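Engineer: The structure follows.
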Amino acid sequence: MTEKSCLVAEVSSRTVDIMHKRQLVLLLAFALVFLVGCSPSSKGPYDAQADPSAEFAGAMKRAEKDGKRVLIVFGANWCPDCRVFERKLTSRAVYDFVRENFFTMHVDIGNWDRNMDFAAKLGKPIEKGIPSIVIVGKDGNVLYATAAGQIAAARKMTPQVLLKWLSDPIRKNVGEP
């Protein structure tokens, strides 16, 4: 091999090494962003420090005053279906209906080690999966609970299906306020 061809091969090898290093750095950066976004500590609707009993008492006062019901959503920030459910719950197709009819509160169940006593008081709606919901009337009675895991696969629901689903228990199964 000539000196010139050796130099070209060395430069080509260095260029490939630099390109591979850049690709590796980009791949690691994307992986880091993904992992941070999916980590249990990332911001989400479920607050591990919240006191659901205190929140519930406040929600019940507001519900009684405004003639609304309380929508309690059980889940955890690590749960993909819980995050999907929250996005659908706050989508344009569903948000106005929920806001007009409910005071919404979220209860963090952690890794099935938080707020289990609160869930038990409401009929154990989380036994068949999360997310799960409980609808409580302005009188404090449980009107509906997802005891069979009805929304545990929230990723399969469209916002329109969720809206219809939330509407049905209110109008057909538990009556009008």
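Engineer: Quick one: would you say residue 149 is over 16 Å from residue 82 (Cα atoms) and not basic (Lys, Arg)?
Structural biologist: Working: over 16 Å from residue 82 (Cα atoms): no; not basic (Lys, Arg): yes.
So residue 149 does not fit the description; no.
Engineer: Looking at region 117-133, can you tell me whether even one residue there is touching a residue at least 24 places away in the same chain (Cβ under 8 Å), of a type in the set (Ser, Thr, Tyr), buried (at least 17 other Cβ atoms within 10 Å of the Cβ) and within 13 Å of residue 151 (Cβ to Cβ)?
Structural biologist: Looking for residues that are touching a residue at least 24 places away in the same chain (Cβ under 8 Å), of a type in the set (Ser, Thr, Tyr), buried (at least 17 other Cβ atoms within 10 Å of the Cβ) and within 13 Å of residue 151 (Cβ to Cβ), one finds at least one in region 117-133, hence yes.
Engineer: Give me the pairs, please: first residue somewhere in region 88-110 and at positive phi, second residue anywhere and surrounded by fewer than 20 Cβ atoms within 10 Å (Cβ to Cβ) and not in a helix (DSSP H, G or I), beta-carbon distance under 9 Å, and either six or more positions apart or on two chains.
Structural biologist: Short answer, once both residue conditions are applied: 110/40; 110/48; 110/78.
Each row is one residue, and each column tells you yes or no for (1) touching a strand residue (DSSP E or B) at 6+ places or on another chain (Cβ under 7 Å); (2) part of a strand (DSSP E or B).
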residue	(1), (2)
63	yes, no
71	yes, yes
87	no, no
94	no, no
114	yes, no
128	no, no
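Engineer: Next question, about the same structure. For residue 111, are the conditions met, namely being within 21 Å of residue 47 (Cα to Cα) and surrounded by 13 or more Cβ atoms within 10 Å (Cβ to Cβ)?
Structural biologist: no
Quick note: the coordinates plus some simple rules give every number you see, no bench work behind them. Predicted model, so just to flag it, every value in this text is computed and none were measured. Quick reminder, even Gly has a Cβ in these numbers, built from the backbone with ideal geometry, and neighbours come from all protein chains shown.
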